[in-house]
Amino acid sequence: MFRSSPRVARPIASCVSKRNLARVASGFALPQSSCIASQFQNYFLVQRVAASRMASTTVKVPPMAESLTEGSLKEFTKQVGEYIKQDELLATIETDKIDVEVNAPTSGKVTKLHFQPEDTVTVGDDLAEIEPGAAPEGGKEAAPEPAKETPKSEEPAPKEDQPAAAPKPQESAPKEEPKKAAAPPPPPQPKKESAPQKESSPAPPSGSFSRSEQKVKMNRMRMRIAERLKESQNTAASLTTFNECDMSALLDMRKLYKDEIIKKTGVKFGFMGLFAKACTLAAKDIPTVNAAIEGDQIIYRDYTDISIAVATPKGLVTPVVRNAESLSVLEVEQEITRLGKKARDGKLTLEDMAGGTFTISNGGVFGSLYGTPIINMPQTAVLGLHGVKERPVTVNGQIVSRPMMYLALTYDHRLMDGREAVTFLKTVKELVEDPRKMMLM
């Protein structure tokens, strides 16, 4: 029960009879001549408005992660006055790493939106208001009838007593002038040598050219990527060492077993799984590649979490294959495929990208032949893979054509020495060129 305000209750108590109260309680309307009919209407209107306000549900900005407290409102999927179902997407919030989806906690009509797209929102802020209730037929409120067009006023007809406009006089045809007699031809004149004319400059092309510019605000993910890459260059003493890898054995193995692997696991047998496994094995002999600098201390790890660089329409993300050292090549490949699909679908969570001790980036899928990757801080090294190209190489004194790939290892020289970096990359190369060696390590 809602308490009535004194200003409304006092007149009602003073002039409402028991009979009228009984009529209201039983659903009958008061007589129009009653002294309190309008006061009763106002009273119950106030109570209904108060009840509707108390019944509305406030949608708040949900918790994102321990390291994220704010984001940018990307869009609302519903506008004020539209109905939304429970668990239906209401808004999307863009953060530095992922997009956070906010679903409706209840079904009802959206009555208020507290922010506009691109506004900064903080965890716990009021995002929207929903008035619970079932949607009407059609799921939306009835659209207002379009206003009828007023008929255009016709010009008044001329009155009978007004004289009609006189017709315009016809223009007289132009008179022909008499032809003159033809003049006799002039006598021939001697030809003069004309001075050499300067070459005229070519005329500019007649087509029009567009020279417009457009400024687009960077999204939060792109801004974060820019900050981290610049931080890497400013912090790490980056150095890159290169090698090349004969991919013949890996291509032959993939050709031999790809159908069986697809039938067994449903995953295509690619390069990334085998390279990731080779890196985990090589890191056992060179633990600094899997370590990190923290202040004046070095953190050595007995596990290897491989960050896999995945290109998405919004930017580069690096989901993590955890405990890759304890997984088989096929299990690593399955996890890479799963994370890659989530990344391209925009479904990655913060847990999918947290951590990571070593990164692999495959620019060869885009046709890269050579390049130097940038360290994913606070990691110590990153391996860059490139395209496979048939090139002439020397094998046992003979020049033969082999599918070759350039490998690039960028490392933080503050922690890793050149000997360690070269040894690590050489071990990865040897394991990929002869995958059977992985069974011996």
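The values are calculated or read from the model by the stated rules, or taken from the named source; none is laboratory data. Computed from a predicted model, the values in this text were never measured in an experiment. Cβ atoms come from the backbone with ideal geometry, glycine included; neighbour counts cover every protein chain shown.
Kindly list the number of the only condition in (1) part of a loop (DSSP other than H, G, I, E, B); (2) at negative phi that fails for SER361. Unmet condition: (1). When you look at GLY371, is it closer than 23 Å to LEU281 by Cα and not in a helix (DSSP H, G or I), yes or no? Here the answer is no, as GLY371 does not meet what is asked. For segment 252-267, does any single residue satisfy the condition of being loosely packed, with under 14 Cβ neighbours inside 10 Å, assigned to a loop (DSSP other than H, G, I, E, B) and under 32 Å from the mean Cα position of the chain (by Cα)? So far as segment 252-267 goes, yes, one or more of its residues are loosely packed, with under 14 Cβ neighbours inside 10 Å, assigned to a loop (DSSP other than H, G, I, E, B) and under 32 Å from the mean Cα position of the chain (by Cα). Could we say that ALA282 is buried (at least 18 other Cβ atoms within 10 Å of the Cβ) and over 20 Å from VAL332 (Cα atoms) here? Judged against the criteria, ALA282 is not a match. The set of residues in segment 369-393 being touching a His at 6+ places or on another chain (Cβ under 9 Å) and hydroxyl-bearing (Ser, Thr, Tyr) consists of TYR370 alone. Only one of the numbered conditions (1) of a type outside the set (Phe, Trp, Tyr); (2) modelled with pLDDT of 90 or more; (3) in contact with a helix residue (DSSP H, G or I) (Cβ under 7 Å, 6 or more places away or on another chain) is violated by GLU94, and that is (2). For LYS341, the conditions (1) more than 29 Å from GLU260 (Cβ to Cβ); (2) free of Cβ contacts under 8 Å to residues at least 12 places away in the same chain; (3) within 17 Å of the chain's Cα centre (by Cα) are fulfilled apart from (1). As for segment 366-374, it holds at least one residue that is aliphatic (A, V, I, L, M) and within 25 Å of the chain's Cα centre (by Cα). For the criterion of being acidic (Asp, Glu) and buried (at least 16 other Cβ atoms within 10 Å of the Cβ), GLU390 fails. Condition first: touching a Gly at 6+ places or on another chain (Cβ under 7 Å), under 23 Å from ASP302 (Cα atoms) and surrounded by 17 or more Cβ atoms within 10 Å (Cβ to Cβ). Can you find one or more residues in segment 348-357 that meet it? Within segment 348-357, not a single residue is touching a Gly at 6+ places or on another chain (Cβ under 7 Å), under 23 Å from ASP302 (Cα atoms) and surrounded by 17 or more Cβ atoms within 10 Å (Cβ to Cβ). Per the listing GLU94, GLU88, GLU70, GLU82, the residue uniquely among the acidic types (Asp, Glu) and within 20 Å of ALA343 (Cβ to Cβ) is GLU94.
Can we say GLY346 is at pLDDT below 90, part of a loop (DSSP other than H, G, I, E, B) and not aromatic (Phe, Trp, Tyr)? Yes; evaluated as a whole, the condition is true for this residue. When the test is whether a residue is part of a helix (DSSP H, G or I) and buried (at least 21 other Cβ atoms within 10 Å of the Cβ), ILE336 passes it.
Reported count of residues in segment 63-109, each being touching a Phe, Trp or Tyr at 6+ places or on another chain (Cβ under 6 Å) and among the hydrophobic types (A, V, I, L, M, F, W, C), is 2. SER328: loosely packed, with under 14 Cβ neighbours inside 10 Å and of a type in the set (S, T, N, Q), yes or no? Here the answer is yes, as SER328 does meet what is asked. For the condition part of a strand (DSSP E or B), among the hydrophobic types (A, V, I, L, M, F, W, C), within 17 Å of ILE293 (Cα to Cα) and touching a residue at least 24 places away in the same chain (Cβ under 8 Å), VAL382 qualifies.
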